[in-house]
Structures are given as structure tokens and as C-alpha cells.
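The structure appears right after this line, and notes come after that.
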Amino acid sequence: MTLHGMTPAVPEIYLAFAVCVVLLFEVFVGVKRPGATSTLTLVVLAIGAALTVRYANIGHHAVLFDGMYVTDPLAFVLKLAGFLCVAVALLYSRMYLENRDILRGEYYVLALTALLGVFVLVSANSLLTVYIGVELLALSVYAMVAFDRESGIAAESAMKYFVLGAIASGTLLYGMSIIYGLTGTLDLEVIATKLNTPGSLGVILGLAFIVVAVAFKFGAVPFHMWLPDVYEGAPTSVTLFVGTVPKIAYFALTLRLLAHGLAGTSADWTLMLTPLAVLTLIVGNVVAIVQSNLKRMLAYSTIGHVGFIVLGFVAGTASGYTAALYYMLVYVLVALGAFGVILLASRKGFEADKLDHYKGLYQRDPLLALVMMAVMFSFAGVPPFVGFWAKLRIIQALWETSHLGLVVVAVVMSVVGAFYYLRVVKLMYFDAPPENLPATLRPLGPRLVIGVNAAAVLVLGVLPSPLLDLCSRLIQ
Amino acid sequence: MHSPLLSILIWLPIAAGIGVLLLGERFLAAGRWLALLSSIATLAISLPLLAHFDTQTAAYQFVEKAAWIPRFKAFYALGVDGISLPLVVLTAVMTIPVIIAAWTVVKTRAAQYFAAFLIMEGLMIGVFSATDALLFYFFWEAMLIPMFLIIGIWGGPRRVYATIKFFLYTFLGSVFMLAALIYMYVKTGDYAIASFQALPLTLVEQRWIFAAFMLAFAVKVPMWPVHTWLPDAHVEAPTGGSVILAAIMLKMGGYGFLRFSLPITPDACRELDLFVITLSLIAVIYIGFVAIVQADMKKLIAYSSIAHMGFVTLGAFVVYEIVRTTGQVQGAAMGMDGAMVQMISHGLISGALFLCVGVLYDRVHSREISAYGGVINTMPIFAAFMVMFALANTGLPGTSGFVGEFLVILASFKASFWYSTLAAVTLILGACYTLWLVKRVLYGPVANDHVAHLTDLNGREFIVLGMLAVLVLAIGIWPEPLLKIMEPSIHHLVTQAVATKLPV
């Protein structure tokens, strides 16, 4: 392979290089000037996005590195989304990290390696690449969860995450080994041509392990137990990161591995995903109702949303995958806003993670309250916010495949979900603020970005066509 | 090419609402005037619709169509016919008294109060003028947000319970409608209401879709037994919220039956018409009795709304019984006419009654009937208005209340003697609860110091109530123009409703 032939892989190559630069920068400059690494990382991400647009935007499907690596418009868009998402997440987090004395360069290095993991997964075309991506992402995230080493609860949740995550990685690897044994190849495209008879016992066995791993990564019930603990226990900036960036990767994982590589056996794995989706929707939305901790509530809400994403895969059609992609992108956009508000409402020595901390937020900080309201109504799926179209798209995919029962579960659960989202709005707008809450953070940059974030939730809700079109184009 | 009147009607109030929001509490005086002027401008712009409306055709008029979501073939498509036009104008009319009534009364976050109502006005006009089902649903749901905030922020002591109940009830109904709409979209490939109406559906499909629509619209109307959110919402809502809720939002349910249920699932409607008629009659009679025993004025009017809205659903569905009994399509239109007039009339009357209660509440801060008595001694002008609206509520000839109820009763007589007899019970029950309310609140000796110190209507309140009184009387005395506007559309609707859509 010539050097020229490697240009579509520029994002990964660049990012690997940038990780080293940021690490060195931190050692020589960052220790003396805290915060410099943070700025550098944002620059790195901006340059990365520019390079991606320049080199990775090849507009067609291409396979590199002897079939290990694939790039296509979907990969390009997801990588750009990854850059954007990480940049926004880091921007929201900076003051939070500063206030907790954990504004250190390693945090940014880990964020970049996690992003690299996302990229590898997004472009994986072989079981091996998939596994490397999964591990790279997961290991970075485990370390990020434990980043605040003074915090016992963070260490505990990191430990929980790591142990359970390792088991999931194990099942993934085991399932892959069975598939490899059956087909004799690691290449997903070759596997797709070889495995086209659903119902064979070996395939089902391999699939079962892979589905369990995917469900774990997404946080689908009953493999969700880690998710609320990690969301609650991790520093909020990490919760923001864990809640958004990896979703892009795990969508890609499911798409490349199940929907494309194992497309021939979709009858089997959609059958496996169906009960998972139903359980995920029900448990996520019902359990979220009784939470008093906002981060934990959002964790269960995430589980509920994962249920919708899985429903898109259950449909098992291009339309369903499009719906899942759209839902995932929308979820990431909205979740960035949700956790961004928590970060900006927190102060040094004060974590705004209880629902009660949001009482009367409107009086204390109208902007954050407005953002949070847009986010909550979007999560609930009420127009004119973008979340509505995500739900609509999923229901449409289910109707196209005549899943009456799943449609009913989905709409009923979105009503159940509306209840706890409304409660947050109620706290912010209808209740009086308690006396002793510290003021919210007012840095100009992040507040501007969170405003834009909320505006995007509204504008994409009123004019949903561009993003819907994009998603349809990406999945043929 | 005519000017996009409907778009202006939708977006002018919304833009003004955002303007008021941006002016904020600091420039409240300017915001108030902006709110008032824009609501008056909205009404003024809606008048050309009436003037230039062609009463000879059932087709949509003032049509606008622009690409919205090409991939779904969903359009930003607007248009009004004889069914939606009166409701659009009603919406434009009813927002003005709400703004004026709140002028100095709302003390906290007043700018947001005005903004919420203006935004809601735009969204409600959007509901009535959308000819694309997805756009309809978009407005239909979006409207819940301002109402949720209005009840929750400016409501009474139990406002949180009431507003969450309101939101969840309506949301539950709506999502099933959404599922049904998407189902039909998957079959037709576009979201135009007209193509849904033309889509052949088997009886089983129609039953399911009918059920989904029923959930959405019955909750909104509201019909017994899914009405329980309404008394709570009305009691807790601020005056303006109650007015809009009763005058416009309930009408959306009726509108939904006429626009969606009857033309899209005519066979299921024919099959299940007795079910709806029974629920309507229960609403008329049972809820009438419930209204009698209420101790809270707003609750009483809320229950009276449910009873009156029973006439709307009765008038719409009795059509099938008329066709079954008489075999004639022609006479069936009368029930629908009645349903439509009843909607408009109830919008004006219930809105006016809630404003009357608001007038009293602003002075005494109680909605309990027992807190009043002999109000006429201190507020004679107010009493005159309230008596007039109360009589209109009981269906006194010469008021708009009479026309709608009379048409529906007359139409149901064609179907069955018993329907009309049962429906006519409302004339007695309505008189019972309304006049007894009037008697206890207005007449008798001055009950207490509060009442003794009441001051009569100020100019602002006089204008508001006077304007509605004129309209109530105008429709009551001369309903012909209104019926004329509706006639071709109603006729078309009846043809659609009695046709069969079963695939052959």
C-alpha cells in the first residue's frame, strides 16, 4: 500500500500522533501552566476536524489495510461528530475540572485516546479491529471514571465498570472466536458473504455472546447494572463524556458487526434484541421515575433511549438503521446539553446532582433553565424539539416492518418517560429556589456553546430535514 | 397569488410572543402593548379570511404549500375550509380578552404570561389550519408546552398536580394518534390529511386507527370517562389559561373528530357510533348532575363544559344513526352543523364565564360559591353580563348556546326519539346548575364584607365582556353567516363520513 492510499485513515493517524504531542506538551508545559493543555486539545480537535474534512471525505466506500479498515461517508460523518462532541464535552468540563483540582493533562490525553478508540470502531472492518477499538475506548473511559482519585465513589464505580466491562469484552471475544471458527475469516465483509443461513446452532451461540457484549456496551437491560452507578459515581464531566462520545462508537459497532457483518443472520439477532429492547424501554423509563439524583435519573433515561436505538436495529432494515443513527445523533446532541447544565450549575465543593438542586433554577439562572427545559422536552419527544423526530423515525421503521406490539410499547414508554422529564421542568420553573444554593457558573464561552446547543435542539426540531436526509444518505 | 395570510396568522403571534419574552419584565409596559397590539393585529388579519372566503366550495382555501421534509413528503401545507375557518377566527378572537384581562392582574413574570399566550395562539391557529397531518401533529403537541407552563407557573395551590395530569393525559392520547398517523403514512407515502382520507382501509385497520384517534380526541374534548384532567386543570389554571383551555383547546378534540376520525375511519365510526353516542349522552346527563353539586365556580363551569362538549360528539356521530334510520344523507348534515355551532358558541360562552369568575376572583381571591352572595348589589353591570352568559350557557333562544344545542337535539330526533329526549335533559340540567350558581353568587342579600366592598367592572373588564356578549348575541340571533361558511364543508364531510372506505 502506498502512502497515498492511506489518506482516508488520516484522522486516526493524526489523532495517534496528536495524543503523543499532547502528552509531551503536558509534561513540559502543562505542569507549569494548568489549562494550557486544555486549550491545546481544543486546537488539536479543530485541526483534526479540518484534516478529516480534507482527507477522509472520500465520498465512497473504501477498504484499507488488507480489509482491516473501512471508510465510507458514514464513517466520515461519525468521525466529525466525534470531534465535535469531544470538543463540546471538554469545553463544558473545563471549569468543573478546575474547581475540583483535577484539571490535568492526562484527562485530555485519555479523552483523545477514547476518541481514537471511537474512530477505530467506526472504521472497523474486521473482528480484530472491532476488538481493538472496543478495548481502546473502554480502557480510556475506565481511567477517566477513576480520574478523581480522591473520590471513593468514583473509584468504586470505575472498579465496577472495569470488572463488568472486562467480562463483556470477554464475551465479545468469545463470540467472535466462534464466528471466526465457523467462517475462517476475521474480515466482516467476507463473513457477511459466508454467513447467510439463519438458525444454525453455532451461529446462534456466537451471536448470543456478541449480542450480550453489545447490549452491555449500550447499557441495555439486563446488562445495564453498571450504567447508573458509573453515571452517578463518576465526576460529572466524565459522565458527560461517557454518556455521549461512546454512543457514537457503539452504534457503529452494532451497525458494522451485527447489521453488516452478520446481516445474513439478522433473523436470529433481531429476535434476540427484541426482548432486550422491550425490557430496556420498560426498566429504563420506569426506574427513572423514582430517582432523586439527577445524574442517576439521566442514567436510567439513557437506558430508556438505548431501548429506542435498539428498536431501530430490531426493525432490521436500512430504514431502521437510519432511524437508530438519527436517534443516536439526536441523543448525543441533547445529552450534551443536559450534562452541560449540570456542569455549569456545579461549583467548587458543590455538586449540583440532586434533583432538588434544580428547584427554582429559572430564577437563579434563566439561560440554564431554558436549556434544560428544551433538553427535557426533547428527551420526552415533544415537538418542536428534535427528540420528537427521533421517536417518530423509530416508530416509522417499526411500522414498516409491522411490529405492532413494539410500537405500542414504545409509545406507552415515551409517555412514562415524559413524567420524569416534566418533573425536572416543574422543579426549575414552578418551585421557588432554596436559600442556600451557590450561584451557577458564568463563564462566557461554555454558556455561549450551551446556548447554541439548545438552539440546535430547537432548530433541528423545527427544520428536521437536513439531519434526516443526511442519515438516510449515510445508510444505503 | 394572494398573501400568505395563514402563515402570518401563525407566526405573527409567535414572533410577538418571543418579542415580549425578550423585552422581559423590565420593559413590561412595552411588552404588554406589543402583546395587545399583535393579538388585535392577528384578529384583524383573520377578518380578510372571512371576507374573501368562498362559501360555494368545500375545498381548502388560502392554501399555502412549501417543502418541509421532502423525504417524508411532509409539507408545510396550510389551508382552511368551512370547518376550520370559524375555529381559526375564534382563536384569534379569544386571545384578545385573555391579554386584556391579565393587563395588571398578573403580577409575577407577567411578560412570560403574555408571551406564553401569544405563542400558544400561533400554535393553535396552526393546528386548525394545517392540512398536513405531520404539521398538524407538530402544532398539536407543541401547544402542550406553553399550556403546561401556564398552569404550572401561574396556577393555584394544586397546580403542579393539575398541570402534570393535564400534560400526561393529553400526551398519552396524542402518541397513539401519532402511531396511527405514521401507520397510514407508511401505507400512503405522504402525510397529507387528504391522502389519509382517501386511503382504503380494512375494517380491522379502521378499528385500530379509530381507537387511536379516539384516545387522542376523547381526552382533548374531553369525553366521559377520560375527562378527569379537565376540572383539575381548570380549577388550578389562571383565568387566561382556563379561558383558552375551554374556548379553544377543547375544540381541538371536536375538530379532530371531524377532520380525522369521521373521514379517515368512516366504517369503524359507523360500527362504533353507538359507543360514542352513549359516552356523549353520559357526558351530557351524568356530568350535568355532577356540575350541580360543585362548590367551586370554576369547577362547575368546567363540568358544564364537558356536558356541552358532549353535544359536539353527539352531533358528529348521530349522523350515522340518522342515515341508518331515515336512509337520507341530507338531513344528517344538521347534526354536524349543530356540533360546529356548539363548538364556536361554547368557546365564546365558556370563555366569558371563566372571565366572569376571574373578575370576581381578582377582587375576593376565592372561587368558592359560598364566599359570595348578593354580588348584584355592589356590581350591577357585572351581574348583568354574568346573567346573560349564564342564560346563554343554558341555551336560551337568542343566544348562540341555543342554536348549537337545538340543531343537535333536532338532528338526534331524526335518529331516535330517545337520543333527543336524553340530550334535551341538558336544557333542564343546564338551567339547574347555571341558574343556581347565578342565584347563589349574584342574588340575595350581601353575604359578607368582601362582597360589600366590591367595585363594579372597570373599563378594561367591560370591554372584554362586552365584546364577547355582542358575539354571543350575534350568533344567537343571526347564525346564518356562520352556517353559510360551514355548509359546503359540512356537506362534503357528511359524504365522506357515510361513504365506505373498505378495499374492494
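The values are calculated or read from the model by the stated rules, or taken from the named source; none is laboratory data. Keep in mind that what you see is a predicted model, and the values were worked out from it rather than measured. We place every Cβ from the backbone using ideal geometry, glycine too, and count neighbours over all the protein chains shown.
Applying the set (1) within 22 Å of B:VAL221 (Cα to Cα); (2) touching a residue at least 24 places away in the same chain (Cβ under 8 Å); (3) within 9 Å of chain A (Cβ to nearest Cβ) to B:ILE164 leaves exactly one unmet item: (2).
Residues in region B:482-504: is at least one exposed (fewer than 15 other Cβ atoms within 10 Å of the Cβ), under 30 Å from B:SER39 (Cα atoms), out of contact with any Gly (no Cβ under 8 Å at 6 or more places or on another chain) and in contact (Cβ under 8 Å) with a residue 24 or more places away in the chain? Scanning region B:482-504, I find at least one residue that is exposed (fewer than 15 other Cβ atoms within 10 Å of the Cβ), under 30 Å from B:SER39 (Cα atoms), out of contact with any Gly (no Cβ under 8 Å at 6 or more places or on another chain) and in contact (Cβ under 8 Å) with a residue 24 or more places away in the chain, so the answer is yes.
Taking the criterion of being without any contact (Cβ under 8 Å) to a residue 40 or more places away in the chain, more than 11 Å from chain A (Cβ to nearest Cβ) and either over 16 Å from B:SER195 (Cβ atoms) or in a strand (DSSP E or B) (or both), the residues of region B:58-74 that qualify are B:GLN61, B:LYS65, B:ALA66.
Annotation: B:VAL470 fulfils all but one of (1) within 23 Å of B:ILE96 (Cα to Cα); (2) within 23 Å of the chain's Cα centre (by Cα); (3) surrounded by fewer than 17 Cβ atoms within 10 Å (Cβ to Cβ); (4) touching a residue at least 60 places away in the same chain (Cβ under 8 Å); the unmet one is (4). Remark: pairs (first residue in region B:146-160, more than 11 Å from chain A (Cβ to nearest Cβ) and surrounded by fewer than 24 Cβ atoms within 10 Å (Cβ to Cβ); second residue at pLDDT below 90 and outside any loop (DSSP other than H, G, I, E, B); Cβ separation under 7 Å; 6+ apart in sequence or on different chains) = B:GLY156/B:VAL235; B:GLY156/B:GLU236; B:ARG158/B:GLU236.
Select from region B:86-131 the residues that are of a type in the set (Gly, Ala, Ser) and either surrounded by fewer than 24 Cβ atoms within 10 Å (Cβ to Cβ) or out of contact with any strand residue (DSSP E or B) (no Cβ under 7 Å at 6 or more places or on another chain) (or both) and list them in ascending order. Let's see the steps before the verdict.
Keep residues of region B:86-131 that are of a type in the set (Gly, Ala, Ser), which gives B:92, B:101-102, B:110-111, B:115-116, B:122, B:126, B:129-130.
Correct list: B:ALA92, B:ALA101, B:ALA102, B:ALA110, B:ALA111, B:ALA115, B:ALA116, B:GLY122, B:GLY126.
When the helices (runs of 4 or more DSSP H) confined to region B:407-504 are screened for residues that are among the β-branched types (Val, Ile, Thr) and out of contact with any Ser or Thr (no Cβ under 6 Å at 6 or more places or on another chain), those reaching at least 2 such residues are found at B:417-442, B:459-477, B:480-498. Among the residues of region B:201-219, are any within 30 Å of B:LEU465 (Cα to Cα), touching a residue at least 24 places away in the same chain (Cβ under 8 Å), surrounded by fewer than 22 Cβ atoms within 10 Å (Cβ to Cβ) and out of contact with any Gly (no Cβ under 8 Å at 6 or more places or on another chain)? Within region B:201-219, not a single residue is within 30 Å of B:LEU465 (Cα to Cα), touching a residue at least 24 places away in the same chain (Cβ under 8 Å), surrounded by fewer than 22 Cβ atoms within 10 Å (Cβ to Cβ) and out of contact with any Gly (no Cβ under 8 Å at 6 or more places or on another chain). Of the residues B:ALA295, B:ALA332, the single one that is among the aliphatic types (A, V, I, L, M), more than 16 Å from B:CYS432 (Cβ to Cβ) and in contact (Cβ under 8 Å) with a residue 40 or more places away in the chain is B:ALA332.
Working carefully through the options A:GLY181, A:GLY243, A:GLY199, A:GLY175, find the one that is surrounded by fewer than 22 Cβ atoms within 10 Å (Cβ to Cβ), out of contact with any strand residue (DSSP E or B) (no Cβ under 6 Å at 6 or more places or on another chain) and under 23 Å from A:VAL310 (Cα atoms). Spell out how you get there, then give the answer.
Values: A:GLY181 fails: under 23 Å from A:VAL310 (Cα atoms); A:GLY243 fails: surrounded by fewer than 22 Cβ atoms within 10 Å (Cβ to Cβ); A:GLY175 fails: surrounded by fewer than 22 Cβ atoms within 10 Å (Cβ to Cβ).
Selected residue: A:GLY199, the only one of A:GLY181, A:GLY243, A:GLY199, A:GLY175 that is surrounded by fewer than 22 Cβ atoms within 10 Å (Cβ to Cβ), out of contact with any strand residue (DSSP E or B) (no Cβ under 6 Å at 6 or more places or on another chain) and under 23 Å from A:VAL310 (Cα atoms).
Of the helices (runs of 4 or more DSSP H) lying entirely inside region A:357-476, those carrying at least 2 residues that are among the aliphatic types (A, V, I, L, M) and either more than 9 Å from every other protein chain (Cβ to nearest Cβ) or over 18 Å from A:ILE342 (Cβ atoms) (or both) are A:366-380, A:387-400, A:404-430, A:444-462, A:465-474.
How about region B:169-199: which of its residues are without any contact (Cβ under 8 Å) to a residue 12 or more places away in the chain, within 11 Å of another protein chain (Cβ to nearest Cβ) and surrounded by fewer than 23 Cβ atoms within 10 Å (Cβ to Cβ)? If the condition is that a residue be without any contact (Cβ under 8 Å) to a residue 12 or more places away in the chain, within 11 Å of another protein chain (Cβ to nearest Cβ) and surrounded by fewer than 23 Cβ atoms within 10 Å (Cβ to Cβ), then B:VAL186 is the only one that fits.
Let me confirm something: among B:PHE389, B:PHE413, which residue is under 25 Å from B:LEU457 (Cβ atoms), among the aromatic types (Phe, Trp, Tyr) and crowded, with 18+ Cβ neighbours inside 10 Å? Spell out the reasoning first.
Working: B:PHE413 fails: under 25 Å from B:LEU457 (Cβ atoms).
B:PHE389 is the lone residue from the list that is under 25 Å from B:LEU457 (Cβ atoms), among the aromatic types (Phe, Trp, Tyr) and crowded, with 18+ Cβ neighbours inside 10 Å.
Screening B:PRO222 on (1) in contact with a Leu (Cβ under 7 Å, 6 or more places away or on another chain); (2) at pLDDT 90 or above shows it passes everything except condition (2). Residue count for region A:395-432 under the criterion of being in contact (Cβ under 8 Å) with a residue 12 or more places away in the chain and under 27 Å from B:LYS165 (Cβ atoms): the result is 22.
Kindly evaluate A:ALA18 against the criterion of being surrounded by 20 or more Cβ atoms within 10 Å (Cβ to Cβ) and either touching a helix residue (DSSP H, G or I) at 6+ places or on another chain (Cβ under 9 Å) or basic (Lys, Arg) (or both). Reasoning before the result, please.
Values: surrounded by 20 or more Cβ atoms within 10 Å (Cβ to Cβ): yes; either touching a helix residue (DSSP H, G or I) at 6+ places or on another chain (Cβ under 9 Å) or basic (Lys, Arg) (or both): yes.
So A:ALA18 passes the test.
Residues that are over 17 Å from A:THR265 (Cβ atoms) number at least 3 in the following helices (runs of 4 or more DSSP H) confined to region A:108-206: A:127-145, A:152-183. Scanning region A:70-84 for residues that are of a type in the set (A, V, I, L, M), more than 14 Å from A:GLN476 (Cα to Cα) and buried (at least 22 other Cβ atoms within 10 Å of the Cβ) returns A:VAL70, A:LEU78.
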